[in-house]
Amino acid sequence: MTATGKTAGEAESGSEIFDLDPLVVETTAFTGPPEGIFGENAAGHRLREARPGDMAENLSHQLEGIALIRKGGTSNDLAIRGLSGEDLTVTVDGRKIQGACSNRMDPAASHAVPAEVKVVQIQRGAFDLRRSGSLGGAVDFRTGTPAPEFNGFASARLGSHGERRFALTSTGGTKTFPGWLSVTHHAADVYRDGNDQRLTDFPDATAWPLDDYLPGKRDIQAFTMIHGALKLGYEPKENHALTGSFRFREDEDVLYPGLRMDSDSTRAREMGLRYRAGTTPLGDELVIDLYHNWTDHDMRDRHRVSSRKNPMGMPRPVYVLERGWFMESLGTSSTSGLTTEAQNRLGDIRFEYGTEATLRRWNIDNRLGAGGPDAGPAAEITNNMIPSTRVRVVGAWIQSSIDLATDLRLLAGLRLDRFRTEAEGSTDFLNSQRGGPFTEEDTECSAMVFLQRSWNERLFLHTGIGSIARVPSGQERYMQLRRPGSMPNWLGNPRLRPARNTEWSAGAAWRTSAFSLRLRAWHSWLSDAVYPGRLLPDDEPRLAKPTQTWFNIDARRYGLEAGGSLRLHAMVSLEAGLSVQEGRKESRPPNASNDRFAEVPPLNGRLALRVTRDRLTLLLEGRFADSQDRIDPDLNELSLGSYSVFDLRGSLQLTETAEVLFSVTNLFDETYAVHNARVRNPFASFTVVNEPGRAYTLSLRYRF
């Protein structure tokens, strides 16, 4: 692995830089050594097109401590040290983008695609103060930048299971008006696992027969998506730049066997305006960023047995059969943001500071086709499931670094946030079952302090502690889903308190000309973590029947991560990574039966052999995981077996501008699943979605 050179500001940002082109990992500031610590890779040889197109899957294959949460063939989610969803801050170019789906069919990570992403900046743990809510970590997908030169690349990829992906990325313009654009089209049919089972065969009536796909719907396309981005710059003089940007996303017919519905469509748009200046009265390297994005999401069960039959096997009402679906949720979300950042010096102390103001709006309308065979549309249950919620954040942060000695550096930071959450839509059902309040304001402080020491040119040590709070989402506080019959309702908890993670981390990195090693240990104390659970009618006086909801609990998590590389020969090197973690509840939700903390991955790692000779690069990579038996059965988690799988990837540089890339993943056609995430209610199918069996890809990439 190689490191990329970064400016001092980037090196001290406390983050891990993961460069996709070529494949690079750089650990800096709070997570590891300064830039330049890690070994070598063959410059110019890239395996990017041979990697998965799903960003969460891509990162989970290459970085220890990053886990995949699979629900379907694409648009999957990621976890950092066992935390995911609202507990992570995931941004694109520093901008928050929130999905509109209550089950995270459209997580923030799915809004970025490999063709447009240059680097991924990752902060593990409670140490990122630049954006609010980074309780478990932060991930920022950095896309390309405008440039006057006309250059870029075009790529075409074909693969097993009907996969086809076409991408174009280019810069061009003038020195005063530079530009950048990227467009990707990606589609595939349903994949098959090592037992030749289709993606649509996984819901197999063992959990709930209505989740099964209809016989005529099992060979349909698994997804189609088009992503595009455009940036236009205006640079009237040196060190001053104004950049306008536009992004769009169009996904159609995305299948999610891990859930009870599939996505008919997801449409997202973003507009932004960013100003950069070198030196100003407000500080050096000033950045002012204004943006607005919105997402529309439509999910239905029209491919499932539930669209035709009720739980007793009887036909649905005529009006349901005519329209072709029983369940529908229409979601809309938007995020408006204004952020500022700058830096300055006071003697030997370097300061970075900034502000953030965001407003997140979210609404979901849900319809359930209730009634007997002769019932009409009047029998339908309608839910304002997420009742036009608003979450407003106003925050300010400052962090500084000072060299206590030539080999010793202290880094510290502080952040103050004011949160306001409210439900603007009707909350009549939630009020009738649980009461309010339906407007809440919270003030929270976050902080971190880190100590770094360069023991010598080869050994780097660091340790520190951080504490970050995040406000409950509009879904967690105000959701209201009334379900038919004996099925439990799903309701928010208006009395949830902000969650907090206080995390200690320590690590070391050691390197020689041929060997590098990085180690991290961490321990996390969660207070008032937002955790799902179940209420019975006797638990609260207003409840009409059993209810799923969220609670504040305390928990403890800890783990170890290791990675490194060894150069065996000028053309041959080994790469390795390992992660192990544990999580336990310190307090239980009502009616809980165990102390296990959900979604904690088992021991897992990777070992890779890289061979580079002239124009050829080959990577033989093994990925393994222990059995998943540390589960929370209250949330329907299931034990999963261990696995070991191997992938082969390669690239051949045909000319200075053209290369061919290929991959054979899951070489031995194993049947396995990554650690399951079975808290994706309210529409989880409790189906384990197996990983693809042996699959092939072939790509052609042309640079101009």
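The values are calculated or read from the model by the stated rules, or taken from the named source; none is laboratory data. Keep in mind it's a predicted model, so treat the numbers as computed, not measured. All Cβ positions, even for glycine, are placed from backbone atoms using ideal geometry, and neighbour counts span all protein chains on display. Note: accessible area is taken over every heavy atom of the protein model, side chains too, but ligands, DNA and RNA are not part of it. Shrake-Rupley method; radii C 1.70, N 1.55, O 1.52, S 1.80 Å.
Residues considered: GLU599, GLU659. Of these, the only one that is assigned to a strand (DSSP E or B) and in contact with a Ser or Thr (Cβ under 9 Å, 6 or more places away or on another chain) is GLU659.
When the criteria are applied in full, ASP365 fails the requirement of being over 24 Å from the mean Cα position of the chain (by Cα), among the acidic types (Asp, Glu) and over 22 Å from ASN493 (Cβ atoms). Taken over the stretch 220-257, the criterion of being assigned to a loop (DSSP other than H, G, I, E, B) and open to solvent by 10 Å² or more (accessible area, probe 1.4 Å) is satisfied by ILE220, GLU238, ASN239. Kindly indicate whether any position in the stretch 576-583 is touching a His at 6+ places or on another chain (Cβ under 7 Å), within 22 Å of GLY125 (Cα to Cα) and not charged (D, E, K, R). No, the stretch 576-583 has no match at all. All conditions but one from (1) of a type in the set (Lys, Arg); (2) under 23 Å from SER134 (Cα atoms); (3) in a strand (DSSP E or B) apply to ARG477; the one that does not is (3). Only one of (1) over 25 Å from GLY474 (Cβ atoms); (2) in contact with a Phe, Trp or Tyr (Cβ under 9 Å, 6 or more places away or on another chain) fails for ALA100. Which number is that? The one condition ALA100 does not meet is (1).
Considering the conditions (1) in contact with a Ser or Thr (Cβ under 8 Å, 6 or more places away or on another chain); (2) modelled with pLDDT of 90 or more, THR549 is excluded by exactly one of them, (1). One residue is enough: does the stretch 300-320 have a residue meeting the conditions in a strand (DSSP E or B), touching a residue at least 60 places away in the same chain (Cβ under 8 Å) and touching a Gly at 6+ places or on another chain (Cβ under 7 Å)? No, the stretch 300-320 contains no residue that is in a strand (DSSP E or B), touching a residue at least 60 places away in the same chain (Cβ under 8 Å) and touching a Gly at 6+ places or on another chain (Cβ under 7 Å). Considered as a group, the residues in the stretch 180-194 that are of a type outside the set (Phe, Trp, Tyr) and outside any strand (DSSP E or B) include one that is farthest from PHE223 (Cα to Cα), and that residue is GLY194. Selection of first residues in the stretch 363-381 that are without any contact (Cβ under 8 Å) to a residue 12 or more places away in the chain and of second residues that are of a type outside the set (D, E, K, R), restricted to Cβ pairs under 9 Å at least 6 apart or on distinct chains, gives the following pairs, ordered by first then second residue: ALA378/GLY371.
Taking the stretch 438-487 as the range and being of a type in the set (A, V, I, L, M, F, W, C) and in contact with a helix residue (DSSP H, G or I) (Cβ under 7 Å, 6 or more places away or on another chain) as the test, the residues that pass are PHE438, PHE450. So is GLY278 of a type in the set (Gly, Ala, Ser) and crowded, with 19+ Cβ neighbours inside 10 Å or not? The answer is no for GLY278.
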